[in-house]
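Shown next, in structure tokens, is the structure this report addresses.
The values are calculated or read from the model by the stated rules, or taken from the named source; none is laboratory data. This one's a predicted model, so the numbers in the text were calculated from it and none came from an experiment. Here the Cβ is made from the backbone with ideal geometry for all residues, glycine too, and neighbour counts use every protein chain on show. We work out accessible area using only protein heavy atoms, side chains counted, and drop any ligands, DNA or RNA first. Shrake-Rupley method; radii C 1.70, N 1.55, O 1.52, S 1.80 Å.
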Amino acid sequence: MTRTLKAALPVVLAGCLSIAAILWYVNHANREGTPQSICGTKVSRNLSEPLLGAGGKITEQNRVDRKKPEPSSWCEVRVDGRVALSMRFAWHPDAVDPLKVAESSDSVSNIGEPARLVSRYEIALGNNGAISTVQCRTDVGSYFTLTLLLEKANPTSRNHRESIEKFIRTYFPVTVKGVSCA
């Protein structure tokens, strides 16, 4: 190798690495989609992206008023106009067992293969969603229940189960802090 080539090589390599770093940052910092909050709760993109998928335009229809809760309110997260994730925020007077709700044939949750999670909250986890509940005194009820349904997930496939568990274990406690529990 010539002296000129030896001297120029580190400069060229440093330039290439700088360009690669800038491209990586622009790609990840300005990603379309993957919101920093979902249905009014801040959440890590690392938790929401496996549920929503990478890419696509993400929009949200949020009917949840955290200051003045309704007995039941919905929030839908859409990817390219199609519902990808829906959540039901419910305040009610009586305690519920999320696993019994998930297993009920009358349940609107349609959660596949529900099982109880070990947690400080009552949580039933399924292949395509989760139901979480906690005591939460408000004007409309003494309990708060969040139902999460991953619309694109097959209820008989366990492909999304781990991602749903990670999401709900982080999302639910943060949401509870923000829903005006007394």
(Q) Testing the spin-label approximation: label points 7 Å from Cα along Cα→Cβ at residue 105 and residue 142. State their distance in nm. (A) 3.2
Q: Kindly write out, for the stretch 120-135 in residue order, the coupling ³J(HN,Hα) from the Karplus curve 6.51 cos²θ - 1.76 cosθ + 1.60 (θ = phi - 60°), rounded to whole Hz, with x marking Gly and Pro.
A: 6, 9, 7, 9, 10, 10, x, 5, 10, x, 7, 10, 10, 9, 7, 5
Q: Name the residues whose placed amide hydrogens come within less than 5 Å of the amide hydrogen of residue 72, ignoring near sequence neighbours (fewer than 5 apart) on the same chain.
A: 91
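In square nanometres and to one decimal, what's the mean projected area of the convex hull around the Cα atoms of the stretch 138-182? Provide the component values of the computation, followed by the final result.
Details: hull surface 15.9 nm².
The directionally averaged projection comes out at 4.0 nm².
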Q. Looking at the stretch 64-98, which trypsin sites (Lys or Arg not before Pro) are DSSP coil and have at most 13 other C-beta atoms within 10 Å of their C-beta?
A. 67
Q. For the stretch 92-157, what % of the accessible area comes from carbon and sulfur atoms, probe 1.4 Å?
A. 48
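Which of the chymotrypsin sites (Phe, Trp or Tyr not before Pro) found in the stretch 83-128 are loop residues per DSSP with 13 or fewer other Cβ atoms within 10 Å of their Cβ?
Within the stretch 83-128, no chymotrypsin sites (Phe, Trp or Tyr not before Pro) qualify (loop, at most 13 other Cβ atoms within 10 Å).
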Q: Normalising by the residue count of the stretch 55-182, find the relative contact order in percent from Cα pairs under 8 Å and 6+ residues apart.
A: 23
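Of all trypsin sites (Lys or Arg not before Pro) in the stretch 104-182, which ones are in loop regions per DSSP and have a Cβ with at most 16 other Cβ atoms within 10 Å?
Details: sites: 116, 120, 137, 152, 158, 161, 166, 169, 177; in loops: 120, 152, 158.
Of the trypsin sites (Lys or Arg not before Pro), the ones in loops of the stretch 104-182 whose Cβ has at most 16 other Cβ atoms within 10 Å are 120, 152, 158.
In the structure shown, do any of 57/177; 42/152; 42/166; 67/100 have a Cα-Cα gap over 25 Å, and if so which? It would help to have the intermediate numbers written out before the result.
Details: 57/177 29 Å; 42/152 22 Å; 42/166 14 Å; 67/100 29 Å.
Correct reply: 57/177; 67/100.
I'm checking a number: the convex hull volume of the Cα atoms of the stretch 60-182, normalised per residue, in Å³. What is it?
Spelled out: Cα convex hull of the stretch 60-182, divided by residues, is 100 Å³.
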